[in-house]
Amino acid sequence: MTELLTVKNLQVITKKKAIPIVKGVSFKVERGEVFAIVGESGSGKSITTQSIAGMQAGNLNLNAEQIQFNNQDLQKIKNKDWLNIRGHQLGMIFQDPMTSLNPTLTIGKQLMEIFIIKKKYSRKAARDEAIRLLKSVEITLPEARLKQYPHELSGGMRQRIVIAMALALSPDLVIADEPTTALDVTTQKQILSLLQKLKEERGSAILLITHDLGVVAEIADRVAVMYSGRIVEQGSVEDIFNHPRHPYTAGLLASLIKEDTDRSQPLYSIKGRPSMAHEIPQGCPFADRCPHAMNICISHYPATTQKQDHQVDCWLEEVRT
């Protein structure tokens, strides 16, 4: 596979107080793969992807050594040029389908305008494409759905429509920001299967944002674990799940309920709380919660250690070697 998106040393900082939100994040997404970024709420996952798509809030400054997508330097893209990138090359699936859809417009109007505005289709051709899209995401009675408003549909159906909109123009990369949040388990399974199917049929890469390790195990090829604005570990899903090297990753995995989990014992949890954005420790931000913390962890942030395709930021790597 070839690289589709390359991000090197991405930093996002507040304009007023210069508080770093995202701190030197680097990763790549290859064509046709599912790359997941996982972490607790507030770890910087969504801000990272919004910044890549040129959608960061106005009170934030962004800089990076490189943000390369489809052989384009996204840091040099002007506002008017983003219109040609979003939709055509880059699709977005937002976390809450109810707020992603316009409650005052029918589903048909919202789907059709994609083709009318972006591809200059006639209304009839746009309607035909809208029906085809709804069928592709396995929505029944698509002709009837075109006449309905978002509030008349279930959460799972709204999410399918948001996915259809993101994939309408067959983008090379789809950013899916927690696409299964607030959905029941059965609907989550259906949405994940749908994303996998559409990825295989269309060849689009997916950048998946989630806090659910079960979702990662279900659909992702590679995963990056994010904590306090940094990627602390990344590698293949199989390697990360079977051989976690960062104590935070190990803690997340230990907190999952498995078939062999002893139900008579309390579920494992990571002690303490994540550091706030304005709390900028000198060393590793996980040090005060880490059962293996050493003095150097408190005073200095560790360098990235790489073994094959497995990267980790942890002083324990020196002890292990």
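Bear in mind these aren't lab numbers, they're just calculated from the coordinates by the rules spelled out. All values derive from a computational prediction rather than experimental measurement. Neighbour counts are summed over all protein chains in view; Cβ atoms, including those assigned to glycine, are modelled from backbone coordinates with ideal geometry.
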| said: Whole-Hz ³J(HN,Hα) for each residue in segment 159-170, computed from phi via Karplus 6.51 cos²θ - 1.76 cosθ + 1.60 with θ = phi - 60°, x for glycine and proline: what do you get? | reply: 5, 4, 5, 4, 5, 4, 5, 5, 9, 3, 9, 6
| Pairs LYS45/LYS189; LYS16/LYS78; LYS8/LYS197; LYS78/LYS147: which exceed 26 Å Cα-Cα? | LYS8/LYS197; LYS78/LYS147
| task | Work out how much length VAL319 to MET294 would gain on full extension: take 0.36 nm times their residue separation and subtract the Cα-Cα distance, in nm to one decimal. | result | 7.9 nm
| field | From phi via Karplus (6.51, -1.76, 1.60), per-residue ³J(HN,Hα) for segment 208-220 in Hz, x at Gly/Pro | value | 9, 9, 7, 10, 9, 5, x, 5, 4, 5, 6, 10, 7
| note | Contour minus Cα-Cα span, VAL185 to LYS258, at 0.36 nm per residue, comes to 24.7 nm
| query | Using only the Cα atoms of the chain, what do you get for the radius of gyration and for Dmax, in Å? | reply | 20.8, 68
| remark: With label points set 7 Å from each Cα along the Cα-to-Cβ direction at SER193 and PHE241, the distance between them in nm comes to 1.8
| request: Would you list, by chain and number, the lysines whose Cα falls below 18 Å from the Cα of LYS80, excluding same-chain residues fewer than 8 positions away? | output: LYS118, LYS119, LYS120
| field | Highest average packing first - 9-19, 43-53, Cβ atoms within 10 Å | value | 43-53, 9-19
| remark: For segment 2-107, the dipole about the Cα centre with charges only on Cβ (Lys and Arg +1, Asp and Glu -1), to the nearest 20 debye, works out at 440
| field | Whole-Hz ³J(HN,Hα) from phi, Karplus 6.51 cos²θ - 1.76 cosθ + 1.60, for segment 86-91, glycine and proline x | value | 5, x, 6, 10, 10, x
| said: Per-residue counts of other Cβ atoms within 10 Å, averaged by peptide: what ranking do you get for 84-92, 149-157, 300-308, highest first? | reply: 84-92, 149-157, 300-308
| field | Ordering of 277-283, 76-82, 198-204 by packing [mean C-beta count within 10 Å, highest first] | value | 198-204, 277-283, 76-82
| Rounded, prolate or oblate (a/c below 1.5 giving rounded, otherwise prolate when a/b exceeds b/c) for segment 8-93 by Cα gyration tensor | oblate
| said: Calculate the FRET efficiency for ILE77 and THR14 from the Cβ-Cβ distance with a Förster distance of 25 Å, rounded to the nearest 0.05. | reply: 0.65
